[in-house]
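Asks: Below is one structure. I have some questions about it.
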Amino acid sequence: MTHRIAILLSLFSFSLTFHIIAGTSSADKDLAPKAIAFSAKELDLTTAIAEIQAQTGNVIGDRRLTPSARKLTMPAQPASFWPTLDALCEQAGVSYSVYQPDGGIVLVDGPYRNLRVDTSGLFRFALKRISVTRDDETKSRFANVTLETMWEPRLKPLYLNVEGGAIVVGKTTEKLERQSVRGVAGSGAAEVELRMAAPDRAVAKIDSLKGTLRVIAIPQMLEFRFAKPAVKQTSTKEGVIVNIVGVKQLPTRWTIDVQIEYPKGAIVPLESFQSWMDNNRVWLAWASPTLKKSYTLEPLGEEPLASETGLRFRYEFTPRGGVLLPAAADDYALKMTMPNRVIAITVPFAFQDLPLP
């Protein structure tokens, strides 16, 4: 297994495979796979995972019932996230899951799944399933190829769809049609199903499968904090300006108006049914010196307000769930997370010699 690790990692290229459509440049540091260099030649998996998290910003949980202290051989040369994680998990004989409520990754007990994989920038495509179906009603046969598409947790995709591609079987080439857009906010993976006319029964394999995935994504979430929010408080990060433009504090209801301004071109144009705010979060956080406890309280909702410049929203907070509003003596703050920008990227994938059932 250690020889396979060295081969996998030495063959991996760190060149950026994303083609940027809007909102950023091809040299964007947020979209480049980060090279991981370990502190020692041998580490246990828990220590190795901690170093991967520190260097990539990708949080990896651990749900193994009995984590092993066995030393694993680390790659001699720096490599990127997906090849490194796959190679170490295969060596350790464990698996990982990306189907988490927060879109994260967790290590789990169970054998490593050795699938056909294509790594493309921050994305990992794995061949999950090939099926051939006969429809007696239409007298037709077709084949479905299912790809499991994952992305590094630090990236926050909102929507994705297959833009096109081609399947080659022998001398026949069939184009992949553009698929409808799917929302994937809050997810860490999605299955992409590609459909084609079934090859003749004598055909043993698909010679090549190539395509392009279009992704609307958030490269990074920014966190803003306003201690005891008041009108005219302002915070700026990466060109994103957040202003407190209205505060009304009643005994049982607080209303806070916020205006957000993005640099020109920071938000890629979206369709009318699309929103880039699904990953946003707003909440009050405070510590009570009297009760020696910490609390959080989210707003009842988000109300858009008319604004000549930027975006303006109203948030209303009321006591609920046994949590009261902060007291004047509490060290409270309004916290917000939002995208540094919203971009559109294309991600290529390619497979060769896929056996048919």
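The values are calculated or read from the model by the stated rules, or taken from the named source; none is laboratory data. The structure presented is a predicted model; accordingly, all values stated were derived computationally and were not measured. Methodologically, a virtual Cβ is constructed for each residue, glycine included, from the backbone with ideal geometry; neighbour enumeration extends over all protein chains shown.
Asks: Please specify each residue of region 121-158 satisfying the condition of being small (Gly, Ala, Ser), at pLDDT below 95 and either over 11 Å from LEU194 (Cβ atoms) or surrounded by fewer than 16 Cβ atoms within 10 Å (Cβ to Cβ) (or both).
Replies: GLY121, SER131, SER140
Asks: Give me the residue from region 60-73 that is outside any strand (DSSP E or B) and hydrophobic (A, V, I, L, M, F, W, C) and, out of that set, farthest from GLN91 (Cα to Cα).
Replies: Across region 60-73, the extreme among qualifying residues is LEU65.
Asks: Further, regarding this structure: List pairs: first in region 107-123 and at positive phi and in contact (Cβ under 8 Å) with a residue 40 or more places away in the chain, second among the polar types (S, T, N, Q) and surrounded by fewer than 21 Cβ atoms within 10 Å (Cβ to Cβ), Cβ under 6 Å, 6+ apart or cross-chain?
Replies: Close Cβ pairs (under 6 Å, with a partner that is among the polar types (S, T, N, Q) and surrounded by fewer than 21 Cβ atoms within 10 Å (Cβ to Cβ)) amount to GLY121/THR17.
Asks: Take ALA76 and decide whether it is part of a helix (DSSP H, G or I) and among the aliphatic types (A, V, I, L, M).
Replies: Against the criterion (part of a helix (DSSP H, G or I) and among the aliphatic types (A, V, I, L, M)), ALA76 does not qualify.
Asks: Does region 171-179 include one or more residues that are surrounded by fewer than 17 Cβ atoms within 10 Å (Cβ to Cβ), in contact (Cβ under 8 Å) with a residue 24 or more places away in the chain and out of contact with any Pro (no Cβ under 8 Å at 6 or more places or on another chain)?
Replies: Scanning region 171-179 turns up no residue that is surrounded by fewer than 17 Cβ atoms within 10 Å (Cβ to Cβ), in contact (Cβ under 8 Å) with a residue 24 or more places away in the chain and out of contact with any Pro (no Cβ under 8 Å at 6 or more places or on another chain).
Asks: Which fully enclosed strands (runs of 3 or more DSSP E) of region 222-303 have 2 or more residues being surrounded by 13 or more Cβ atoms within 10 Å (Cβ to Cβ) and touching a residue at least 40 places away in the same chain (Cβ under 8 Å)?
Replies: 240-250, 253-261, 281-288
Asks: Let me ask another. Would you check which residues across region 321-357 are among the acidic types (Asp, Glu) and either outside any loop (DSSP other than H, G, I, E, B) or in contact with a helix residue (DSSP H, G or I) (Cβ under 8 Å, 6 or more places away or on another chain) (or both) and list them?
Replies: ASP331, ASP353
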